[in-house]
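*Asks:* Take this structure, written in structure tokens, and hold onto it; I'll ask about it next.
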Amino acid sequence: MINLPATPKQPLSLIYLDANATTQVLPQAAAAALSTMETLFGNPSSGHVTGLQAKQIIDETRQQAQTIIGAGNGKVIFTSGATEGIQTAILSALQHAKTTLDSSKKYCLLYGATEHKAVPESLKHWNKILEINAEIKAIPVNELGQLDMGFIAKEVPNALMICTMAVNNETGVYQDINLLDQTIRANNKDTAWMVDCVQSLGKTDLNLAKTSIDYAPFSGHKLYAPKGVGFMYIKDTSPFTPFIDGGGQASGLRSGTENLPGLAALNVIFSMLNKATKNTFTALKTLHLFRQQIATALTQAFPEIVFNHSFENSVPTTINFTIPGFSSKEIMDLFDAANIRVSPGAACSSKVTGSFVLDAMGLPNWQSESAIRRSFGPAMTQPQIDEACTRIVFAAQALKQSCLTVNTSITADKTELEGLLQFKVGGSCSWLYVDKKTKSAIFIDPLPELTGRLQTLLTCQGLNLVAVIDTHGHGDHLSCRAQLTDDLAQQQTDMLGWPVHSKTTVIHGQHYPYILLGDKWLVKVNTPGHTTDSTSLLLCDPIKDSTDELVVHYTFCGDLILMDSLGRTNFSCSSAAAMFSSLQLLKALVGTESLICPSHDYNNEFTTSISAEISRNSLLAHVMNNEINIEDFSVQKTLMDTDIVDQSGRKIMCSDLIGDCKKASVREYNSHSLAEALKQPNNIKLIDLRESYEYTLQHDKNFENNVPLTQLVEFMHQHKHNKQQQLILVCRSGGRSQLAAQTLLRLGFENVGHLKGGYALHQY
């Protein structure tokens, strides 16, 4: 068993497994770059000795590059990186093609569907700029990520250019270059062919002169050189147009004073690669053993792991995987807390939630959206791999201690859950309420993606499930209620999971069913509108008699009231008129300050209240203030819903935004201003918002209060009577803390700030 420190005394050593994004600069390469800046700093275009020495470095680097890639008579030019190389190749090919166009023919530009986005975007750009007007087509791939040769054979006769990649950056899948060569040239001897070789250097053998490849871009920072330097291969007979022109450097191939320090670093890297005995770069056979060792550690740590590509047709330095039940962000946050650096599957775009590469391979959405990429470079060593594997298991233990994976070995005390927890998948929410004293629990609107996690929580925490209830029949997703109710098989329920033999109480003269949950009641209220079967569930204090004031802690209203919107009413089972009555009823029962817990959160706002929504939702304000009648509401709501258009293959949206979705401005702290604030005699409460497994692995001793985002709504409820308290929030990178701070401010907390950049930029 690996023991987890409650508060590590010092940060864990760095384990870097994101080499496909970039690599650290090798010490030898860094030393060469520094030496060049200090002593061999001459301009290579100068005729004096210092200039000649500088030019010699460039010539040596070019010769070494030609040897490594097997350039033969082909040219090698140095660039700022692979993106420039891609632009240069596409410009050169299309500028030449433009001179040979036949106006009677239709042309296309082909690229692999799993290609780096720089390729199709560059094709679109130059196709438009040069007015080629060719059709741009993606070449499909099979489930292994291999290009469809039949498609290429059919389309390439009309192709002005075809772009493929040697090794995929997300999966490490490599293409059969010889088969591609045969297929392309058997059907079109003249089309320009570019192969993105960025991820292949040092991982595969290259002999470009023996192929018909016209252009091949490379990047330095993917193989231990500094950023800002790269090179590209151009076949000696292929057309060429300079992407950067004017200065005449590099014999007119690429103008601008050369990046001499970067080239000096590349020279060292190339020298290492060209050595017969490679004592810096690991042999390919050993790299395969490294990958298997990491895969074994991952499987030990996460028995449910799914690998998203075949190891048989991918380079050994890349592993792409998904852990069912966890988002890619959750896993990345976990590893970051353990000081292991990995990337989400779509690593080159922080705003992309899924992997277009895995989508193209036909993998299901849950794999694509939750993919993680681990990649290491060919200079990886056995001790580094050993430490990485140990740390992987170490990190996974934190999930077990947090009851998020099956716990069979850890004997340490678990943090017992209490109160309300919010779980999110995309824009949908599930809610779990736990009564710690009686160990009873209830699930509301359970999402199928969370089935395993929720079952594990129940088992690990030793909770007794009272009920699993949906607020309505969801049109955008299935419920996993049936999978969670094995222990409730004898319980008779309606179609939404509400026990049919529940007791009733009288509120405002009306009878409402309720069930017991510890010392609380869960009251069911019919609130149709979004759908005919829509209900709201009120978690409240018990009512002794009909004169008691109803004290509601949480209102689970499904899709009736959402953050900055109302549920849509244009389904066949919807009614805007019914929604009007339901809204007024809900206000009468819960007031304006009870926390609203909807089944959707499209804007990362976590929770709301009627008063908060009235301030920004004019239609809701009119209803709650009796400023509109039912007929006018129906007209306005129907008009709003016309903007919601369901598209085939996309998730159904359950609302349309009504408000302006403005976010509150949050006071930001950095390390210095935080330290200064803590010196003041203020009653500051520091809150760490990371999930418990992150917090367990690593946290600042100053942030002893851990309030995971899953428990933020509970925190707000517990502190609703002390909204003047000064709060400073922190998370991994500042994203979660900013969102949480905005929610707190929106709901009346008066003195809230966050640590900008989070732990990533905070020195402690």
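*Asks:* Taking the range 496-528, which residues are aliphatic (A, V, I, L, M), closer than 26 Å to Lys439 by Cβ and out of contact with any Asp or Glu (no Cβ under 8 Å at 6 or more places or on another chain)?
*Replies:* Start the filter on the range 496-528 by keeping residues that are aliphatic (A, V, I, L, M), which leaves 496, 500, 506-507, 515-517, 522-523, 525.
When the remaining residues are screened for being closer than 26 Å to Lys439 by Cβ, the result is 496, 500, 515-517, 522-523.
Of everything in the range 496-528, those that are aliphatic (A, V, I, L, M), closer than 26 Å to Lys439 by Cβ and out of contact with any Asp or Glu (no Cβ under 8 Å at 6 or more places or on another chain) turn out to be Ile515, Leu516, Leu522, Val523.
*Asks:* Looking at the range 670-735, what helices (runs of 4 or more DSSP H) fall wholly within it and have at least 3 residues that are among the hydroxyl-bearing types (Ser, Thr, Tyr)?
*Replies:* 692-697
Rundown of residues vs (1) without any contact (Cβ under 8 Å) to a residue 12 or more places away in the chain; (2) among the hydroxyl-bearing types (Ser, Thr, Tyr); (3) crowded, with 21+ Cβ neighbours inside 10 Å; (4) not assigned by TED's automatic domain parsing to the domain that holds Glu170, yes/no style:
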| site | (1), (2), (3), (4) |
| --- | --- |
| Lys222 | no, no, yes, no |
| Gly230 | no, no, yes, no |
| Gly246 | yes, no, no, no |
| Ser251 | yes, yes, no, no |
| Glu258 | no, no, no, no |
| Gly262 | no, no, yes, no |
| Leu266 | no, no, yes, no |
| Ala295 | no, no, no, yes |
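*Asks:* If you don't mind, there's one more thing I want to ask. Test each condition in (1) assigned to a loop (DSSP other than H, G, I, E, B); (2) surrounded by fewer than 20 Cβ atoms within 10 Å (Cβ to Cβ) for Ala71 and report the one that comes out false.
*Replies:* (2)
*Asks:* Going residue by residue through the range 32-40, is there one that turns out to be assigned by TED's automatic domain parsing to the domain that holds Lys117 and more than 43 Å from the chain's Cα centre (by Cα)?
*Replies:* The answer is no, given that none of the residues of the range 32-40 is assigned by TED's automatic domain parsing to the domain that holds Lys117 and more than 43 Å from the chain's Cα centre (by Cα).
*Asks:* Quick one: in the range 40-68, which of the residues that are among the hydrophobic types (A, V, I, L, M, F, W, C) and closer than 28 Å to His116 by Cα is surrounded by the fewest Cβ atoms within 10 Å (Cβ to Cβ)? Working first, answer last.
*Replies:* The initial filter retains those residues of the range 40-68 that are among the hydrophobic types (A, V, I, L, M, F, W, C), namely 40-41, 49, 52, 54, 57-58, 65, 68.
Subset that is closer than 28 Å to His116 by Cα: 65, 68.
Working: Ala65: 25, Ile68: 19.
Top of the filtered list is Ile68.
*Asks:* Here is a list: Asp564, Asp601. Which entry is outside the structural domain of Gln738 (by TED's automatic domain parsing), closer than 30 Å to Leu516 by Cβ and among the acidic types (Asp, Glu)?
*Replies:* None of the other options fit; the residue is Asp601.
*Asks:* Return a yes/no flag: does the range 481-497 have any residue that is under 26 Å from Arg568 (Cα atoms), out of contact with any Lys or Arg (no Cβ under 9 Å at 6 or more places or on another chain) and modelled with pLDDT under 85.
*Replies:* yes
*Asks:* If the Cβ limit is 6 Å and pairs must be 6+ apart or interchain, which residue in the range 713-735 that is under 21 Å from Gly419 (Cα atoms) pairs with which residue that is part of a loop (DSSP other than H, G, I, E, B) and acidic (Asp, Glu)?
*Replies:* Lys723/Glu750
*Asks:* Hey, another quick one. If you take the residues of the range 233-279 that are assigned to a loop (DSSP other than H, G, I, E, B) and hydroxyl-bearing (Ser, Thr, Tyr), which of them is modelled with the lowest pLDDT? Walk me through how you get there before you give the answer.
*Replies:* Keep residues of the range 233-279 that are assigned to a loop (DSSP other than H, G, I, E, B), which gives 235-249, 253-259, 275-279.
Remaining after also requiring hydroxyl-bearing (Ser, Thr, Tyr): 237-238, 241, 255, 257, 277.
Details: Thr237: 95, Ser238: 96, Thr241: 91, Ser255: 70, Thr257: 79, Thr277: 56.
This residue is Thr277.
*Asks:* Mind telling me which of the residues Ala346, Ala396 ends up being buried (at least 23 other Cβ atoms within 10 Å of the Cβ) and at pLDDT below 90?
*Replies:* The match here is Ala346.
*Asks:* A follow-up question, please. Residues in the range 201-232 that are small (Gly, Ala, Ser) and either more than 26 Å from Ala31 (Cβ to Cβ) or assigned to a helix (DSSP H, G or I) (or both): how many?
*Replies:* Total meeting the criteria: 3.
*Asks:* Please go through the range 586-629 and give me each residue that is surrounded by fewer than 16 Cβ atoms within 10 Å (Cβ to Cβ), within 25 Å of His511 (Cβ to Cβ) and touching a Ser or Thr at 6+ places or on another chain (Cβ under 7 Å), ordered by number.
*Replies:* Once the filter is applied, which keeps residues that are surrounded by fewer than 16 Cβ atoms within 10 Å (Cβ to Cβ), within 25 Å of His511 (Cβ to Cβ) and touching a Ser or Thr at 6+ places or on another chain (Cβ under 7 Å), the range 586-629 yields only Thr592.
*Asks:* Checking the conditions here, which among Thr296, Thr282 is out of contact with any helix residue (DSSP H, G or I) (no Cβ under 6 Å at 6 or more places or on another chain), farther than 23 Å from Thr88 by Cα and either assigned to a helix (DSSP H, G or I) or of a type in the set (Asp, Glu) (or both)?
*Replies:* Thr296
*Asks:* Can you confirm whether the range 481-503 contains a residue that is surrounded by fewer than 16 Cβ atoms within 10 Å (Cβ to Cβ), hydrophobic (A, V, I, L, M, F, W, C) and either more than 23 Å from Gln455 (Cβ to Cβ) or not assigned by TED's automatic domain parsing to the domain that holds Asn603 (or both)?
*Replies:* Checked against the condition, which is being surrounded by fewer than 16 Cβ atoms within 10 Å (Cβ to Cβ), hydrophobic (A, V, I, L, M, F, W, C) and either more than 23 Å from Gln455 (Cβ to Cβ) or not assigned by TED's automatic domain parsing to the domain that holds Asn603 (or both), the range 481-503 yields at least one hit.
The rows are residues; the columns are (1) touching a Phe, Trp or Tyr at 6+ places or on another chain (Cβ under 8 Å); (2) small (Gly, Ala, Ser); (3) surrounded by fewer than 15 Cβ atoms within 10 Å (Cβ to Cβ).
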residue	(1), (2), (3)
Leu94	yes, no, no
Leu109	no, no, no
Leu123	yes, no, no
Asn127	no, no, no
Leu130	no, no, no
Glu135	yes, no, yes
Val141	no, no, no
Leu144	no, no, yes
Asp148	no, no, no
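*Asks:* Look at Leu745 and say whether it is touching a residue at least 60 places away in the same chain (Cβ under 8 Å), more than 23 Å from Cys597 (Cα to Cα) and of a type in the set (A, V, I, L, M).
*Replies:* no
*Asks:* May I ask you to list the residues in the range 587-629 that are under 35 Å from the mean Cα position of the chain (by Cα) and farther than 19 Å from Tyr554 by Cα? Steps first, answer last, please.
*Replies:* So in the range 587-629, the residues under 35 Å from the mean Cα position of the chain (by Cα) come out as 593-620.
Within the range 587-629, Tyr602, Asn603, Ser615, Arg616, Asn617, Ser618, Leu619, Leu620 meet the criteria.
*Asks:* Filter the range 675-706 down to the residues that are crowded, with 21+ Cβ neighbours inside 10 Å and of a type in the set (A, V, I, L, M), then identify the one that is farthest from the chain's Cα centre (by Cα).
*Replies:* Per the stated criteria, the residue is Ile687.
*Asks:* I'd like to check something: does the range 94-106 contain any residue that is modelled with pLDDT of 95 or more, assigned by TED's automatic domain parsing to the domain that holds Thr183 and among the hydroxyl-bearing types (Ser, Thr, Tyr)?
*Replies:* No: zero hits.
The values are calculated or read from the model by the stated rules, or taken from the named source; none is laboratory data. This one's a predicted model, so the numbers in the text were calculated from it and none came from an experiment. All Cβ positions, even for glycine, are placed from backbone atoms using ideal geometry, and neighbour counts span all protein chains on display.
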